[in-house]
Amino acid sequence: MSTFFDLSQPLQPGMTIYPGDPVPSFRPAEGIGEPWRVADLHLGSHTGTHIDSASHYFPAGKNVDQYPLSRFILPGIVLPLPGLADDQSISAEQVLEGLGQLPKGGAVLIQTGWDQYWNTERYLRHPWLSPQAALQLVESQASLVGIDALNVDSTVRSTEHVHRLLLGKEILIVENLAHLSALQPGRLYQFSFLPLRLAGLDGSPIRAVAWEPGSLIERGENA
Amino acid sequence: MTVPGERDIPGVFNEAGGLVNKELIDLSQPIEPEMTVFPGDPIPHFRPADGVEEPWKVAEIKIGSATGTHFDCPSHLLPGGKTVDRYPLARFILPGIVISVPGLEDDQAISEAQISNGLINLPEGGAVLIQTNWDQYWKTERYLRHPWLSPQAVWKLVGSKTSLVGMDALNVDSTVQATDHVHRILFERDILTLENLTNLNRLQPGRVYQFSFLPLRWVGLDASPIRAVAW
């Protein structure tokens, strides 16, 4: 059994991005002496599986390098919402049911199953959080809200309320998660959503990972 | 309302869901336009992305795969070598130790004797981070004249069964002399290298720490910038 769960989408040219965002391109860097290989990477701060900091929406908000590391390595739960339709809003009731096991300050990952549409046009018509659901998450004292879709807001309708409500309370947002179905709903996992140490930026692509809580060293699972 | 980060919680948890009272230590250099890069590597560049509507902010990032604190995989040097997306996550979240090698000079080769005592507590398959303190010269010309691992030191590391060798310097090889023996010997045995670490002096030499060196999930690339963390 795997100890670690990879919750990240692969980064490659042609991948799904938010409409209008920088188009990712990777090419061999020029002038690198043989036989070394180095790639020249070009991407957006919200490309692929990524984290949003408050400055993504609030001009005076915190940048991704201004949070303590404990905001990114934290416990949390997955909240599955099966049977959602295109561009459906998620209600407060749908969210509330799964929040029972959430530790104070933990992460809530909303499992819509929309990662199955990655790299298709339907990926843009994902479900999104209603204002009431977003307020419910604020009230639950989550410190981070993630989703296995392009956006916590509606991309079809260009809403902003979810980002405004969450980032306005310093709750971080993770988007484009994948494989949440590998985790058991309501069970506590340890998550890592560490951003790169990008000075002054509004977000960062991340490698999102989950594992069972507990000391990895003492359990000897890395040996 | 209080800010979540300033309340109790987040961090590393035990099996009962209780907070493990360990500090998370950042071993990463900041990524910014005027940072030190390997001579000839792409110059990092950030700018606001075009066409993003107010009040949203999105940045366009241009960066090299081996910029800042980063991982190198065998394909960085060996034709047909493994790329960064071909490893299980357990290669990147692993226990390891710091070996302190004080008093090094510009472009000095690190000998086998300077590291062999420090390897005693290395868990099998763990990470070895060589502390040269060269991170103090980050963003200066001297940063390029860092110490490096002699072939004998590299063979000692291979024999120690480490799976990853890191250093708080630009390169595990000599940048001044453009050597490649360190990368070559390690990559041929599928041992990964980690460069441009910082703050290793905040860790106790010989003590076993948990490290996270997760790369981004680039498909087919030779290296990845990372956020390196210890607890």
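The values are calculated or read from the model by the stated rules, or taken from the named source; none is laboratory data. Bear in mind the structure is a predicted one, so any value in this text is a computation, not a measurement. Cβ: placed from backbone, ideal geometry, glycine included. Neighbour counts: every protein chain shown.
Can B:ASP168 be described as within 18 Å of the chain's Cα centre (by Cα) and surrounded by fewer than 21 Cβ atoms within 10 Å (Cβ to Cβ)?
On the way: within 18 Å of the chain's Cα centre (by Cα): yes; surrounded by fewer than 21 Cβ atoms within 10 Å (Cβ to Cβ): no.
Spelling it out, it is not the case that B:ASP168 is within 18 Å of the chain's Cα centre (by Cα) and surrounded by fewer than 21 Cβ atoms within 10 Å (Cβ to Cβ).
Taking segment B:150-215 as the region of interest, the strands (runs of 3 or more DSSP E) fully inside it that hold 1 or more residues being at pLDDT below 95 are B:209-212.
Being touching a helix residue (DSSP H, G or I) at 6+ places or on another chain (Cβ under 8 Å), closer than 29 Å to B:PRO33 by Cβ and surrounded by 17 or more Cβ atoms within 10 Å (Cβ to Cβ) holds for only one residue in B:PRO215, B:PRO225, and it is B:PRO215. Among the conditions (1) touching a Ser or Thr at 6+ places or on another chain (Cβ under 8 Å); (2) surrounded by 18 or more Cβ atoms within 10 Å (Cβ to Cβ), the only one that A:PRO13 does not satisfy is (2). Here A:SER130 passes the criteria (1) more than 25 Å from A:PRO10 (Cβ to Cβ); (2) within 14 Å of chain B (Cβ to nearest Cβ) except the one numbered (2). If you filter segment A:65-82 down to residues that are part of a loop (DSSP other than H, G, I, E, B) and touching a residue at least 40 places away in the same chain (Cβ under 8 Å), you find that the one that is surrounded by the most Cβ atoms within 10 Å (Cβ to Cβ) is A:PHE72.
Checking the conditions here, which among B:ILE31, B:ILE9 is modelled with pLDDT of 95 or more, β-branched (Val, Ile, Thr) and either surrounded by fewer than 19 Cβ atoms within 10 Å (Cβ to Cβ) or under 30 Å from A:PHE191 (Cα atoms) (or both)?
Numbers: B:ILE9 fails: modelled with pLDDT of 95 or more.
Every option except B:ILE31 fails the conditions.
Consider A:LEU99 carefully, then state whether it is surrounded by fewer than 19 Cβ atoms within 10 Å (Cβ to Cβ) and at pLDDT below 95. Yes; evaluated as a whole, the condition is true for this residue. Name the residues in segment A:109-132 that are more than 16 Å from A:SER181 (Cβ to Cβ), among the aliphatic types (A, V, I, L, M) and crowded, with 23+ Cβ neighbours inside 10 Å, would you? Of everything in segment A:109-132, just one residue is more than 16 Å from A:SER181 (Cβ to Cβ), among the aliphatic types (A, V, I, L, M) and crowded, with 23+ Cβ neighbours inside 10 Å, namely A:LEU129.
Give me the residue from segment A:154-175 that is in a loop (DSSP other than H, G, I, E, B) and within 11 Å of chain B (Cβ to nearest Cβ) and, out of that set, surrounded by the most Cβ atoms within 10 Å (Cβ to Cβ).
Quick first cut of segment A:154-175, residues in a loop (DSSP other than H, G, I, E, B) only: A:154-160, A:168-171.
If we keep only those that are within 11 Å of chain B (Cβ to nearest Cβ) as well, we get A:158, A:160, A:168-171.
On the way: A:SER158: 10, A:GLU160: 15, A:GLY168: 14, A:LYS169: 19, A:GLU170: 20, A:ILE171: 25.
Ranking the qualifying residues of segment A:154-175, first place goes to A:ILE171.
Scanning segment B:109-125 for residues that are of a type in the set (Gly, Ala, Ser), under 18 Å from B:ILE191 (Cβ atoms) and either in contact (Cβ under 8 Å) with a residue 60 or more places away in the chain or out of contact with any helix residue (DSSP H, G or I) (no Cβ under 7 Å at 6 or more places or on another chain) (or both) yields a count of 2. Of note, A:SER204 satisfies the criterion of being within 12 Å of another protein chain (Cβ to nearest Cβ) and either of a type outside the set (D, E, K, R) or in contact with an Asp or Glu (Cβ under 8 Å, 6 or more places away or on another chain) (or both).
Kindly check whether there is at least one residue in segment B:120-127 that is assigned to a strand (DSSP E or B), on the phi < 0 side of the Ramachandran plot and either modelled with pLDDT under 95 or crowded, with 23+ Cβ neighbours inside 10 Å (or both). The answer is yes; a qualifying residue exists. Please go through segment A:65-82 and pick out each residue that is in contact with a strand residue (DSSP E or B) (Cβ under 7 Å, 6 or more places away or on another chain) and within 7 Å of chain B (Cβ to nearest Cβ). Correct list: A:ASP65, A:LEU69, A:ARG71, A:ILE73, A:LEU74, A:PRO75. Scanning segment B:17-37 for residues that are within 24 Å of B:LEU221 (Cα to Cα) and either at the interface with chain A (Cβ under 9 Å from one of its Cβ atoms) or assigned to a strand (DSSP E or B) (or both) gives B:SER28, B:GLN29, B:PRO30, B:ILE31, B:GLU32, B:PRO33, B:MET35. Of all residues in segment A:15-37, none satisfies being assigned to a helix (DSSP H, G or I) and either facing another protein chain (nearest Cβ under 7 Å) or modelled with pLDDT under 95 (or both).
Taking segment B:184-197 on its own, how many of its residues are under 18 Å from B:PHE92 (Cβ atoms) and either in contact with a Gly (Cβ under 7 Å, 6 or more places away or on another chain) or surrounded by 15 or more Cβ atoms within 10 Å (Cβ to Cβ) (or both)? Break it down stepwise before answering.
Keep residues of segment B:184-197 that are under 18 Å from B:PHE92 (Cβ atoms), which gives B:186-187, B:189-197.
Narrowing further to those that are either in contact with a Gly (Cβ under 7 Å, 6 or more places away or on another chain) or surrounded by 15 or more Cβ atoms within 10 Å (Cβ to Cβ) (or both): B:186-187, B:191-197.
Residues that pass the stated criteria total 9.
Name the one entry in B:LEU170, B:LEU197 that is within 13 Å of another protein chain (Cβ to nearest Cβ) and among the aliphatic types (A, V, I, L, M). Step through it out loud before you land on a result.
Details: B:LEU170 fails: within 13 Å of another protein chain (Cβ to nearest Cβ).
The match here is B:LEU197.
Considering segment B:38-90, the qualifying strands (runs of 3 or more DSSP E), each wholly inside and each with 1 or more residues that are more than 8 Å from every other protein chain (Cβ to nearest Cβ) and closer than 16 Å to A:HIS42 by Cβ, run over B:45-48. Selection of segment A:122-148 for residues being assigned to a strand (DSSP E or B) and either closer than 15 Å to A:THR159 by Cα or basic (Lys, Arg) (or both) yields A:TRP128, A:LEU129.
The set of residues in segment A:111-132 that are in contact (Cβ under 8 Å) with a residue 60 or more places away in the chain and among the aliphatic types (A, V, I, L, M) contains only A:LEU124. Among the residues of segment A:38-64, the ones that are in a loop (DSSP other than H, G, I, E, B) and either among the hydrophobic types (A, V, I, L, M, F, W, C) or more than 7 Å from chain B (Cβ to nearest Cβ) (or both) come to 10 in all.
Suppose the filter is closer than 24 Å to A:ILE147 by Cβ and not polar (S, T, N, Q); does A:GLY61 pass it? So A:GLY61 passes the test.
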